[in-house]
Amino acid sequence: MQLTFQPFELQLKHPFTIAKFSRTSTPLMLLQLTYEGYTGYGEASMVPYMGESLQSAAEFLSKVDTMQFKYPFDFAGIIHYLDSIATGNPAIKAAIDIALHDLEGKIKQQPCWQLMGSDPAKMPVTSFTVGIDKPEILINKLVDAKDCKVIKVKLGRDSDKELIKIIRSVTDTPLYVDANQGWTDLQQSLDMAYWLQEQGVLLIEQPMLKTDVDGNAWLTEHSPIPIIGDEAVQRLPDVERAKGVYHGINVKLMKSAGMYEAHQMILKANELGLKVLIGCMSETSCATLAAAALAPQCDWADLDGPLLTSNNPFKMPEFKDGKWVLNNNSGLEIEFK
């Protein structure tokens, strides 16, 4: 099996600002695995706050022995092998896992959603994310969201209510909000949750610091709308710890080290009675379609990567009625432009 990779700088249509960070692009590592005439494609999106970089990804890949990836693929064994090389590094591990799933689908001549046991008819709508910004820019961003049925708003600063009011001045589209650990006061957070419910907000992601287990648990107990753990829920062992602290979890392939473990996290969440939001980083069509293959098994989706970027190297997947459309092509169904 041959492994090749190349760096890629994914450009955002607008500066992306959350509670504590702002950026205009995201470094990616695009990866290919070739086996007996088939090629699988993978992607690592390395947003700065996750701690990975093009250098760390290249260093990790230099240690990977592709002889470990024997067909038929043992995905549990493969992720164990990758974890044995180095702790952390979930995004570059995800790139390998995604490429192997794409490869398996092509070998079996089945779409990845079928390999994962998903039903395309159950695909949830995906939200369109708008970062923190000036009023005129925020309204301009909403123009790009015209085909989406849900808008996700980044909060976590003193201007939270102002941002929501600006959005409500131009649209009554349902909202998700993500505080990215930006809230600190319990009573103010609860008051905000009730106010957000009145504004048509359907869920709140990671309101308080991921280390503030008691604070998040208290807010979850009293909140009128679901509280979702994001930064607090990275990989499979974190799902068990989320029960009683959050109403649900945000699963992202770049956190979970790929499709295999993301699926295990979804199954574990279902077992524990936790809701599931499947989300993304800044991603191309490749990682988006990998997550979309699992999305029908989730309660909500936030897979807007290709909608927020300007130089996606792959063709845009079909998007209809606010949802990604899964077809019957083999593997991930991605095509280069």
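The values are calculated or read from the model by the stated rules, or taken from the named source; none is laboratory data. All of these numbers come straight from a predicted model, not from anything done at the bench. Backbone-built Cβ (ideal geometry, glycine too); neighbour counts: all protein chains shown. These accessible areas exclude ligands, DNA and RNA; they are computed on the full protein's heavy atoms, side chains included. Shrake-Rupley method; radii C 1.70, N 1.55, O 1.52, S 1.80 Å.
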Can you find, within the stretch 1-24, the residue that is nearest to Gln68 (Cα to Cα) among those that are under 19 Å from the mean Cα position of the chain (by Cα) and modelled with pLDDT of 95 or more?
Phe8
Selection count, the stretch 129-178, where residues are within 21 Å of the chain's Cα centre (by Cα), closer than 20 Å to Met192 by Cα and open to solvent by 60 Å² or more (accessible area, probe 1.4 Å):
0
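Residues that are within 11 Å of the chain's Cα centre (by Cα) and in contact (Cβ under 8 Å) with a residue 12 or more places away in the chain, at least 1 per element: which strands (runs of 3 or more DSSP E) completely within the stretch 221-325 meet that? Don't jump to the end; show me each part of the working.
Details: elements: 227-229, 248-252, 275-279.
Per the criteria, 248-252, 275-279.
Condition first: in a helix (DSSP H, G or I) and open to solvent by less than 10 Å² (accessible area, probe 1.4 Å). Now tell me which residues in the stretch 192-207 satisfy that.
Taking the stretch 192-207 first, the residues in a helix (DSSP H, G or I) are 192-198.
Within the stretch 192-207, Ala193, Leu196 meet the criteria.
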Looking only at the stretch 19-68, count how many residues are closer than 14 Å to Pro90 by Cβ, part of a helix (DSSP H, G or I) and out of contact with any helix residue (DSSP H, G or I) (no Cβ under 8 Å at 6 or more places or on another chain).
1
Report yes if Ser189 is within 27 Å of His222 (Cα to Cα), modelled with pLDDT of 95 or more, in a strand (DSSP E or B) and among the small types (Gly, Ala, Ser), otherwise no.
no
Among the candidates Ser189, Ser256, Ser223, which residue alone is closer than 30 Å to Tyr81 by Cα, surrounded by 18 or more Cβ atoms within 10 Å (Cβ to Cβ) and touching a helix residue (DSSP H, G or I) at 6+ places or on another chain (Cβ under 7 Å)?
Ser256
Any residue in the stretch 249-272 that is modelled with pLDDT of 95 or more, of a type outside the set (Lys, Arg) and over 26 Å from Gly77 (Cα atoms)?
no
